[in-house]
1. If ARG136 passes every condition in (1) farther than 30 Å from THR100 by Cα; (2) in contact with a helix residue (DSSP H, G or I) (Cβ under 6 Å, 6 or more places away or on another chain) but one, which one does it miss?
2. Considering every residue within the stretch 98-115, establish whether at least one is under 20 Å from SER195 (Cβ atoms) and in contact with a His (Cβ under 8 Å, 6 or more places away or on another chain).
3. Looking at ARG182, ARG166, which one is within 27 Å of PRO120 (Cβ to Cβ), open to solvent by 50 Å² or more (accessible area, probe 1.4 Å) and among the charged types (D, E, K, R)?
4. If the Cβ limit is 7 Å and pairs must be 6+ apart or interchain, which residue in the stretch 1-30 that is more than 25 Å from PRO56 (Cβ to Cβ) pairs with which residue that is surrounded by fewer than 14 Cβ atoms within 10 Å (Cβ to Cβ) and aliphatic (A, V, I, L, M)?
5. Within the stretch 49-79, track down each residue that is touching a residue at least 60 places away in the same chain (Cβ under 8 Å) and under 20 Å from GLY96 (Cα atoms).
6. May I ask you to say which residue of VAL33, VAL48 is open to solvent by 10 Å² or more (accessible area, probe 1.4 Å) and modelled with pLDDT of 95 or more?
7. Going through VAL80, VAL112 one at a time, which residue ends up being modelled with pLDDT of 95 or more, part of a loop (DSSP other than H, G, I, E, B) and surrounded by 14 or more Cβ atoms within 10 Å (Cβ to Cβ)?
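The values are calculated or read from the model by the stated rules, or taken from the named source; none is laboratory data. Quick caveat: nothing in here was measured; it's all calculated off a predicted structure. We place every Cβ from the backbone using ideal geometry, glycine too, and count neighbours over all the protein chains shown. Surface areas here come from the heavy atoms of the whole protein model, side chains and all, with no ligands, DNA or RNA. Shrake-Rupley method; radii C 1.70, N 1.55, O 1.52, S 1.80 Å.
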Amino acid sequence: MLTAIIDYESGNLHSAEKAFQRMAQETGAGEVVVTTDPETVAGADRIVLPGDGAFPSCAAALWRSGCFQAMVEAVERRGVPFLGICVGMQLLARKGHEYTETDGLGWIDGEVERIAPSDPAMKVPHMGWNDLVVDRPHPVLDGIATGDHAYFVHSYQMRLSDPAQRVAHVDYGGDVTAIVARDSVVGLQFHPEKSAATGLRMIANFLTWRP
């Protein structure tokens, strides 16, 4: 079993790599590699798309790397389990509206817009720990409950057209989507590798998930 973490110039992947390798070893989930190689991504048993930066630049970098097409091949044709993290989750949407309108993967029926808290005193970006509110069960949330903490750093959020695709949210001057899912695809707006026991549990659940 091979889990590919895609490196497409989207930030420092060291902490994510270490967290996934640790949980893969604990769960017997096989090898975890950070890769820029589209062939490795296309042939992987699981794919992780991290992201740190702006939606348009991350989308462009993903196209340049050739990994965009490799992901589509793996997920749409083979049903490979896929996890998007932070901007990697936002790229699952149909469109993003950060700086300029940009097409996403379209695997989740939603669009990405700037966070607009109801209280103007609340700062954007939404940064720090927040309590998850679980909207519906999902295998990646096995052992996770409403009130468990996750670590967020983001200025944009996904607004869903299909509420059934929202798995969890947080309150930050209104509902902010935290987890989305459909078929073999899951997205986390927060950073599981920085979310202590909660995040490590989700990583382990993803690595053993068989959709």
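1. (2)
2. yes
3. On inspection, the qualifying residue turns out to be ARG166.
4. Close Cβ pairs satisfying both conditions: ALA29/MET1; GLY30/MET1.
5. PHE55, CYS67, MET71
6. One residue alone meets the criteria, VAL33.
7. From the options VAL80, VAL112, the qualifying one is VAL80.
Residues checked against (1) open to solvent by 40 Å² or more (accessible area, probe 1.4 Å); (2) part of a strand (DSSP E or B); (3) of a type in the set (Phe, Trp, Tyr):
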{"residue": "PHE20", "(1), (2), (3)": "no, no, yes"}
{"residue": "MET23", "(1), (2), (3)": "no, no, no"}
{"residue": "ASP52", "(1), (2), (3)": "yes, no, no"}
{"residue": "ARG64", "(1), (2), (3)": "yes, no, no"}
{"residue": "PHE68", "(1), (2), (3)": "no, no, yes"}
{"residue": "GLY88", "(1), (2), (3)": "no, no, no"}
